[in-house]
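These notes are about the structure you will find just below.
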Amino acid sequence: MKRSNLFWPGLLVLAALLSACGSLPPRGEVPASRAHAASEVAGTTLARVAASSRPPEETAPSGFRLLPVGEYAFDARVALARRAERSLDLQYYHVHRDEAGRTLLRELRDAARRGVRVRLLVDDFHAAEIDDLLVGLASYPDAQVRLFNPMPMRRGAPVLRLLLSPGPFQLHNHRMHNKLFVADNAVAVYGGRNIADEYFMKNREANFIDMDVLSTGRVVTDLSAVFDRYWNSELSWPVHTVLGRPADAEAARRQFDRAVDDARVDAPQVPADPFGQSTVGAQLHEGRLTMSYATAQVHADPPEKAADPTPGTEPTQAVSGLLAALSAARQEVAMVSPYFVPGAVGMPLMRTARANGIRVVLFTNSLGSTDEPLVHDRYAAYRVEMLRMGVELYEVSPTQTRRVRRFGDFGRSTPRLHAKVAVVDRQRLLVGSANLDGRSAVGNTEMGVVIDSPALAEAFTSRIDGDRLASVYRLRLRPDDTTIEWSQVDEQGRTVATTDEPDTGWWLRTKLWLQSLLVDERDL
């Protein structure tokens, strides 16, 4: 579940034939609102815990905790929602109609019932599947719901809605890919996860390896400012303006309650995460969060990026900020990117880094682990050139990842990489929603945070370095300098290698080749 990709160009003909779709109603006057000031939330439980968790001698402005485990990441969101007293601000690309999605929506309802101001901003690409739930939640007096860049077509699969909505196609194709959760303007969670079962290890078919960060301190104020800019953007529409206000608000609330009250996500079963920490919920109950303290910079695209019907050619704030951090490397760059298409920007960057003796390491999906085969196909076109320049390439092995369980117990589901993280010189950690590809650079809106913390950088690096090829393939060139070899460590600890791309077949390769002729790289 990446972003809005166009794999069905033939449907454009159908779009032209079905142009009788309606249009959006006038947006009208929409009241602006802002995050509560620090003085307004200083007495809340979350603000007090955040303040008391800081050591007396600590001078760094912000606190950080990595959330690499899906179950712990969901627990953090639920724990914050249940302890919020003044406000909950959520911004997501996708909230799914599954156990995780309905559970979180129920927590937002419960918070609104307590008098907490709830502001939920959801990108419209996947929103049609939960239109009724969003209307129901917004029927509670203290809950506000807005849709970002809504499309007139309200029925059908997301790609069909995109194609059949009247108006500039590229305007509809620009989506809000940001992920942010802020409670009482005191604690925030951000990173790569949307709200769906597969981000929290609850899906039977496939689950994502991902990364979130929990933060306190000054960076939360900066993140709230980003949220406010999106919330008050002209591209954010009140859900009742788009979908209509229910004639009977009480009936809408009862329908919402029936839809969400039976949703269930079990609490984490393991007592500690890979870094030896208990859940955020347990730590909040004890009144103290275990955090690392550092400075950080937030890089966020303006919401107006999605209002330009003409695709740009240069990366905007989120990706350009990350590229600047990567360009500042002096020794090593380690990148984790599930959808990696370096293109005309990334290839020169890596070439310059290698020419300066900088080690460049990339972890990404294999064809067998990706949920976006066409994106992988376009990335694959760059592999030989990257290997020739000395870039170290690793691809997730779904079979080995299931067996080793270093990144969680996937059961029989397919492990898929979704984290967007980079480490620079083992000093700075970059975490956010942006992929290193054209769509993140010039299409969707994104957000990333650069954290100046050797402790966090080392913790994350040890997480991926410690794998020692147990969960990934390492790619190398054969002596002919053209043929790629995939090597990995088997169950007996032996290194085995193949020149046949793992986990694939001739039909998939043929289908990808045909699709690649029709899709522009910037739309991936």
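The values are calculated or read from the model by the stated rules, or taken from the named source; none is laboratory data. Please read these numbers as outputs of a predicted model, since none were measured by experiment. All Cβ positions, even for glycine, are placed from backbone atoms using ideal geometry, and neighbour counts span all protein chains on display. Quick note on the areas: whole protein, heavy atoms, side chains included, nothing else; ligands and nucleic acids left out. Shrake-Rupley method; radii C 1.70, N 1.55, O 1.52, S 1.80 Å.
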Under the helix-only model (-39500 (n - 2.57) for each DSSP H run of 4 or more, divided by the residues of the chain), the mean residue ellipticity at 222 nm, to 500 deg cm²/dmol, is -9500 deg cm²/dmol
Per 5 angstrom bin, beginning at 0 and ending with the bin that holds the maximum distance, the Cα pairs of the range 43-125 fall in percents of 3, 12, 19, 23, 19, 14, 7, 3, 1, 0
The orientation-averaged projected area of the Cα convex hull of the range 77-129, in nm², is 3.4 nm²
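Could you tell me what percent of the accessible area of the chain is made up of carbon and sulfur, with a 1.4 Å probe and every protein chain present?
Values: 10620 of 20650 Å².
Accessible surface attributable to carbon and sulfur in the chain totals 51 percent.
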For the chain, percent of DSSP beta bridges that are antiparallel (nearest 5) comes out at 65 percent
Within the chain, pairs of Lys residues whose Cα atoms are less than 29 angstrom apart, provided they are eight or more positions apart or on distinct chains, add up to 11
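Taking the Kirkwood radius as the inverse of the mean 1/r across Cα pairs, report the Rg/Rh of the range 396-449. Don't jump to the answer; show the numbers that get you there.
On the way: Rg = 14.5 Å, Rh = 13.3 Å.
My calculation of the ratio gives 1.09.
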The Cα extents of the range 175-287 along the principal axes, largest first and rounded to whole Å, are 51, 36, 31
Matching label for the computed volume of the Cα convex hull per residue in Å³, out of (i) 154; (ii) 190; (iii) 145, is (iii)
The rounded separation in angstrom of the Cα centers of the range 401-452 and the range 44-91 is 21 Å
In vacuo Debye sum over C-alpha of the range 123-229, base-10 log of normalised intensity I(q)/I(0) at q = 0.13, 0.16, 0.19, 0.20 Å⁻¹, listed in q order, is -0.65, -0.96, -1.20, -1.24
The whole-number value in µm²/s of the Stokes-Einstein translational diffusion coefficient for the range 314-426, with Rh from the Kirkwood sum over alpha carbon pairs at 37 °C and 0.692 mPa s, is 220 µm²/s
Descending packing, highest mean Cβ count within 10 Å first, for 186-192, 171-177 is 186-192, 171-177
Residue-normalised value, i.e. accessible area per residue, for the chain at 1.4 Å probe, in Å², stands at 39 Å²
With the range 231-310 reduced to its Cα atoms and the Debye formula applied, log10 I(q)/I(0) at q = 0.13, 0.22 1/Å amounts to -0.95, -1.01
